Amino acid sequence: MHGNRKKAVIFGAGNIGRSFIGNIFASNGWRVIFVDANSELVDRLNNRGSYTILIKRNNRGDETVTVSGISALHSSQSGEIIEELCSCSLCATSVGQNALRFVVPQIAEAVKTRAASGQPPLDVIIAENIRNGADFFRGIFIEKGLDGSEAGLVETSIGKMVPTMLREDLAVDPLILHAEEYNTLILDAEGFKNPVPDLPEIKAVKNIAAWVDRKLFIHNLGHAAAAYFGYRKFPERHLIAEIITDNEINTLVRGAMNEAAASLLSEYPEDFTAQTLQEHIEDLLYRFGNLALGDTIFRVGRDLSRKLNRNDRILGAAGLCLKHGLPCNKIMEVFNAALDFRAVDEWGAMYASDTEFLKKTAVFSIDESGSSSLIFSLLGLKDDDLILEQLIKEKLLLRKKDKTGN
């Protein structure tokens, strides 16, 4: 029925799965099958066989993209999913770290079946915002009786910005998505077992770790910095684009990104130059100012327990600076601003876990004694993070003085 048409199975029919990964393959003539746990979404995709993306362009009109040639399976349809995985050209995941543990076993089962029947190995594009995603997959593969080398495990750097859809937009079309114009998928050339797909949107690199860190420590750091500094100065504003044009905020965000760029240049001198990193920062600041995209301060800043973790965008970047003996004062000011973040969604509610997280950090702000172990457990610091711990303590003590006057 579908002849020799290439096929991609994509786990996750959410914002990135549909607006980015699915769109890339479908627009190049591939048949795309989504797998998702949302039965209502699966039914709608199957009934329509297409969906619409509004490309929100900075200071220009919208571009409408219709993605067709798609279908969907519910995540409970294990038999059908494995059958599709055994006959597809590649698969991808875009489900978030918490859901991966349910998805990877299904992929492992298909990898076994393909190997037993003499089929080519399966390449898996890990389109997740996690570090060392291939190791995560490999660990579950080994638990399922594989040795971890039977499939291509392809890590990525996901740089596309996709806002949370508003209720009024979904009321008109529940499948519609908004996304920015940027559409380059950076992935690990070394992870493939088969040839890298020859698609114009794909940029295959040899040292994916460098590009994952660039995304986390420049893009994610800068985006979070804009949210935290923006909320602190303009708590009544809602959009990232509304605050990034403020000279003070722009300077603070740029300063943190520049500190991180210096550490990346020291860590990965063969992958980046000062010029390419600076050009990347300027491009990001321009993209952050895309008013048409409607990206909210709430979306970008929420989930503090994750974003303030030792291995994430802020403390991770600070740690890399310290590793190379470089200053991280401006990055640590992002950490400080994050502790004042109280932005709310369109319903007027804070992100569920942020309320509890901020209650715990408030204890640190007023209690200097004995706080080391609490800081370690809450932020995920390691035993050898003594300098970083001291920097955090200094910020918390300053917060205490500001609040008490002592």
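Here the spin labels are modelled as points 7 Å beyond Cα on the Cα-Cβ line, and at residue 384 and residue 101 they lie 2.8 nm apart. Within the shell defined by Cβ-Cβ distances under 10 Å, the residues around residue 217 carry a net charge of -1, with Lys and Arg each +1 and Asp and Glu each -1. Partner lysines whose Cα lies under 21 Å from the Cα of residue 206, excluding those fewer than 8 positions away in the same chain, are identified as 160, 193, 215.
Taking 0.36 nm per residue of sequence separation and removing the Cα-Cα distance, the residue 251/residue 393 pair yields an extension gain of 48.6 nm.
Restricting the calculation to Cα atoms, the stretch 209-404 yields a radius of gyration followed by a Dmax of 16.3, 49 Å.
Under 13 Å from a label point set 7 Å out along the Cα-to-Cβ vector of residue 360, the amide N atoms of the stretch 301-320 belong to 304-310.
Here the stretch 214-232 and the stretch 262-292 have alpha carbon centers that stand 13 Å from each other. Sites listed here are GluC sites (Glu not before Pro) in the stretch 116-177 whose DSSP assignment is loop and whose Cβ has at most 12 other Cβ atoms within 10 Å, and the list is empty. Distance between the 7 Å Cα→Cβ label points at residue 171 and residue 147: 5.9 nm. Along the charge dipole of the chain, pointing to its positive end and built from +1/-1 on Cβ of Lys, Arg, Asp and Glu, which listed residue (59, 251, 348) has its Cα farthest out? The listed residue farthest towards the positive side: 348.
For the stretch 299-364 and the stretch 67-86, what is the centre-to-centre distance using only Cα atoms, to the nearest Å? Spelled out, the Cα-based centre of one part sits 38 Å from the other.
Tell me which chymotrypsin sites (Phe, Trp or Tyr not before Pro) from the stretch 135-205 have a DSSP coil assignment and no more than 16 other beta carbons within 10 Å of their own.
Details: sites: 136, 137, 141, 182, 192; in loops: 182, 192.
Sparse-neighbourhood loop chymotrypsin sites (Phe, Trp or Tyr not before Pro): 182.
Among the trypsin sites (Lys or Arg not before Pro) within the stretch 57-110, those in coil by DSSP and having at most 11 neighbouring Cβ atoms inside 10 Å are 60.
Among beta bridges identified by DSSP and lying wholly in the stretch 7-206, the antiparallel ones come to about 20 percent. Inter-label distance, residue 189 to residue 132: 2.6 nm, where each label sits 7 Å from its Cα along the C-beta direction. Taking the three principal axes of the alpha carbon atoms in the chain, the coordinate ranges are 75, 47, 41 Å, sorted in descending order. Pop the C-beta distance of residue 28 and residue 113 into the FRET formula with R0 = 30 Å and round what comes out to the nearest 0.05. Here the calculated transfer efficiency is 0.65.
Set the Förster distance to 51 Å, then compute FRET efficiency between residue 57 and residue 377 from the Cβ-Cβ distance, nearest 0.05. Intermediate values should be presented prior to the final figure.
Values: r = 45 Å, r/R0 = 0.87.
Efficiency, from the Cβ-Cβ distance: 0.70.
Cβ-Cβ distance of residue 291 and residue 270, R₀ of 45 Å, FRET efficiency by 1/(1 + (r/R0)^6): the value works out to about 0.75.
Could you rank the peptides 225-234, 272-281, 251-260 by their average count of other C-beta atoms within 10 Å per residue, with the highest value first? Mind showing how you got there, number by number?
Working: 225-234: 24.6, 272-281: 14.6, 251-260: 22.9.
Put in order of decreasing packing, that is 225-234, 251-260, 272-281.
Ranking of 140, 33 by neighbouring Cβ atoms within 10 Å, starting from the fewest: 140, 33.
Every number here is computed from the coordinates shown, using simple stated rules; none is lab data. Please read all numbers here as calculations on a predicted model, not as lab measurements. Here Cβ is always computed from backbone atoms with ideal geometry, including for glycine, and neighbour counts include all displayed protein chains.
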